Amino acid sequence: MVKVKFHGHAAIEIKGTGEDILIDPFITGNPQATVKAEELEPTMILVSHGHGDHLGDAVSISKRTGATVHTNFEIANYIGKKGGNAHPMHIGGGMNFSWGRVQLTNALHGSTIDEDGESIPAGNPVGFIVNIDGKTIYFAGDTGLFGDMELLGKRFDIDLAILPIGDNFTMGIDDAAYAADLLKAKKVLPIHYNTFPVIEQDPEEFAEKVGERAVILKPGEEMEI
Ligand code: NI
Ligand code: MN
């Protein structure tokens, strides 16, 4: 059994038998978070792109726990320089583990790390296909709708798609509902909404559009797949 916990915004924790994977650990400064970064004990961290609401606490959690951050080449170099533990990957590439596989996908977005008034290029943004304990989870990252989501739906048997619905920076409700169809996802979890005024959305409206596939989690809640 795989547990998927929502920590608010785009922070997701996937717990399998052999790994505790924390994705986009924006906890400090996340108005939706119900935990403190110091309370999380992941064994692996995934970061989709460099923006602060995704890179978040990745460096400090990696330093404290020793968890390896799997992310694109450019962000992995940054994390390494900051003293974190990172493994560089890139779009289309995957890695096998005893419990499954992590593969990077395309995402249509930007990626910079904004620090001390400077904007550091942080490679191309990515999404993740996580296969864990026989379940397949697609974490889209920050992205607009793109046609190759149909390819992902053909290539992978997706048990759960985790999709942004906030609009403005990413897909909104209508495009995310369309994406759910392209992906042929069995279940769909909306994220990246209501954290800030500019991405206010009603997840129930999304649930009406995708029907019984929808799973709405409040920050701090988890589901099983
Ligand atoms: Ni972003
Ligand atoms: Mn974002």
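Scan the range 64-87 and tell me whether some residue there is of a type in the set (G, A, S), more than 16 Å from ligand 2 (Cβ to nearest atom) and in a strand (DSSP E or B).
yes
Considering only the range 197-213, state which residues are over 18 Å from the mean Cα position of the chain (by Cα) and either within 23 Å of H49 (Cβ to Cβ) or of a type outside the set (D, E, K, R) (or both).
Passing the criteria: P197, V198, E200, Q201, F206, A207, V210, G211.
Filter the range 88-99 down to the residues that are assigned to a loop (DSSP other than H, G, I, E, B) and not β-branched (V, I, T) and list them by number. I'd like the intermediate steps shown before the answer.
First pass over the range 88-99, keeping only residues assigned to a loop (DSSP other than H, G, I, E, B): 90-93, 98-99.
Hits for the range 88-99 are H90, G92, G93, S98, W99.
Conditions (1) in contact with a strand residue (DSSP E or B) (Cβ under 6 Å, 6 or more places away or on another chain); (2) of a type in the set (D, E, K, R); (3) surrounded by fewer than 19 Cβ atoms within 10 Å (Cβ to Cβ), marked per residue:
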{"residue": "V2", "(1), (2), (3)": "yes, no, no"}
{"residue": "H7", "(1), (2), (3)": "no, no, no"}
{"residue": "A11", "(1), (2), (3)": "no, no, no"}
{"residue": "E19", "(1), (2), (3)": "yes, yes, no"}
{"residue": "G29", "(1), (2), (3)": "no, no, yes"}
{"residue": "V35", "(1), (2), (3)": "no, no, yes"}
{"residue": "E38", "(1), (2), (3)": "no, yes, yes"}
{"residue": "T43", "(1), (2), (3)": "yes, no, yes"}
{"residue": "V47", "(1), (2), (3)": "yes, no, no"}
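Filter the range 30-49 for residues that are in contact (Cβ under 8 Å) with a residue 12 or more places away in the chain and over 14 Å from the mean Cα position of the chain (by Cα) and give the result.
Once the filter is applied, which keeps residues that are in contact (Cβ under 8 Å) with a residue 12 or more places away in the chain and over 14 Å from the mean Cα position of the chain (by Cα), the range 30-49 yields N30, P31, Q32, A33, T34, V35, A37, E38, L40, E41, P42, T43.
Can you find, within the range 62-109, the residue that is nearest to F139 (Cα to Cα) among those that are among the charged types (D, E, K, R) and touching a strand residue (DSSP E or B) at 6+ places or on another chain (Cβ under 8 Å)? Give the derivation first.
Taking the range 62-109 first, the residues among the charged types (D, E, K, R) are 63-64, 74, 81-82, 101.
The next check asks that each one be touching a strand residue (DSSP E or B) at 6+ places or on another chain (Cβ under 8 Å); those that pass are 74, 101.
On the way: E74: 20, R101: 13 Å.
So the residue we want is R101.
Determine if the range 111-128 includes at least one residue that is modelled with pLDDT under 95, assigned to a loop (DSSP other than H, G, I, E, B) and either touching a Lys or Arg at 6+ places or on another chain (Cβ under 9 Å) or not hydroxyl-bearing (S, T, Y) (or both).
yes
Any idea which of (1) more than 15 Å from I162 (Cβ to Cβ); (2) within 16 Å of ligand 2 (Cβ to nearest atom); (3) crowded, with 16+ Cβ neighbours inside 10 Å is the one G110 doesn't satisfy?
Going through the list (1) more than 15 Å from I162 (Cβ to Cβ); (2) within 16 Å of ligand 2 (Cβ to nearest atom); (3) crowded, with 16+ Cβ neighbours inside 10 Å, G110 breaks only (3).
Taking the conditions exactly as written (under 16 Å from the mean Cα position of the chain (by Cα) and away from ligand 2 (no atom under 16 Å from the Cβ)), does V4 satisfy them or not?
Considered against the rule, which asks whether it is under 16 Å from the mean Cα position of the chain (by Cα) and away from ligand 2 (no atom under 16 Å from the Cβ), V4 comes out as yes.
Regarding the range 19-26, can at least one residue be identified that is away from ligand 1 (no atom under 16 Å from the Cβ), touching a residue at least 60 places away in the same chain (Cβ under 8 Å) and under 25 Å from A161 (Cβ atoms)?
Filtering the range 19-26 for residues away from ligand 1 (no atom under 16 Å from the Cβ) gives 19-22.
Still in the list and also touching a residue at least 60 places away in the same chain (Cβ under 8 Å): 19, 21.
Subset that is under 25 Å from A161 (Cβ atoms): 19, 21.
Within the range 19-26, one or more residues are away from ligand 1 (no atom under 16 Å from the Cβ), touching a residue at least 60 places away in the same chain (Cβ under 8 Å) and under 25 Å from A161 (Cβ atoms).
How many residues, within the range 30-66, are within 16 Å of ligand 1 (Cβ to nearest atom) and hydroxyl-bearing (S, T, Y)?
Here the count works out to 1.
The values are calculated or read from the model by the stated rules, or taken from the named source; none is laboratory data. Quick caveat, the model's predicted, so the values are computed rather than measured. Note that we place each Cβ from the backbone using ideal geometry, even for glycine, and neighbour counts take in every protein chain shown.
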